[in-house]
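Heads up, the thing below is written out as structure tokens.
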Amino acid sequence: MSDEKNYKNLDVWKEARKLVSLIYVLTNEFPEDEKFGLTSQIKRAVISVPSNIAEGMGRNSSKETRQFFYIAKGSLYEIETQIYLALDLNFITEEKAEQIFPQIITVRKLIIGYIKYLDR
């Protein structure tokens with residue numbers, strides 16, 4: 001695989017992996033009875049971000065790649081909403097949420113930037 005198509009070299013993929021780690025640490029604080037509820041849902045959503053970036057890079061056209069980046073971007077909005085729900089349900093403190101939001105924003109900006117790059 002050429003460096004150009006190697007997702008492991010992309011800052012957006014690296015930052016998405018950091019978000020996965022942050023979410024996993026955060027969800028360890030969720031109640032045990034949420035293991036198959038919000039915890040499972042947010043973990044699936046966050047794992048899908050770097051996964052869709054990688055899958056998009058493996059596609060044959062920039063149109064296909066772009067579509068996977070849009071899916072990853074959508075998952076970020078899902079994660080953001082789930083963090084707000086965790087706050088509403090008092091699973092986490094506002095301070096904990098504020099540790100996650102900047103990383104979501106960073107990944108979203110990088111995804112948008114890569115989509116714009118593909119549009120050129």
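Readers should treat all values here as calculations from the given coordinates under stated rules, not as data from a laboratory. For clarity, every value in this text was computed on a predicted model and none was experimentally measured. Note: ideal-geometry Cβ built from the backbone for every residue, glycine included; neighbour counts use all protein chains shown.
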Worksheet item: Residue farthest toward the positive end of the dipole of the chain, with Cβ of Lys/Arg at +1 and Asp/Glu at -1: which of ASN60, THR106, VAL46?
Response: ASN60
Practice prompt. Rank these for me by crowding, LYS18, LYS63, going from fewest to most other beta carbons within 10 Å.
Written response: LYS63, LYS18
Item to complete: Could you state the angle between the C-alpha long axis of helix 62-88 and the longest principal axis of the C-alpha atoms of the chain, as a value from 0 to 90 degrees rounded to the nearest 10?
Response: 10
Discussion item. Given a 10 angstrom Cα cut-off, can you work out which residue in GLU95, GLU64, GLU55 is the most mobile in a GNM of the chain?
Written reply: GLU95
Item to complete: Give the peptides 27-34, 7-14, 70-77 in descending order of average Cβ contacts within 10 Å, highest first.
Response: 70-77, 7-14, 27-34
Item to complete: Give, rounded to the nearest 20 debye, the magnitude of the charge dipole that the chain has about its Cα centre when Lys and Arg contribute +1 at Cβ and Asp and Glu contribute -1 at Cβ.
Response: 720
Worksheet entry | Helical mean residue ellipticity (222 nm; -39500 (n - 2.57) per DSSP H run of 4+; nearest 500) of the chain | -26000 deg cm²/dmol
Worksheet item: Semi-axes of region 33-104's equivalent ellipsoid from the Cα gyration tensor, sqrt of 5 times each eigenvalue, largest first, rounded to whole Å?
Response: 28, 13, 8
Discussion item. Please report the spacing between the Cα centers of region 1-56 and region 69-120 in Å, no decimals.
Written reply: 11
Fill in: Relative compactness, the chain, computed as alpha-carbon Rg over 2.2 N^0.38 Å
1.10
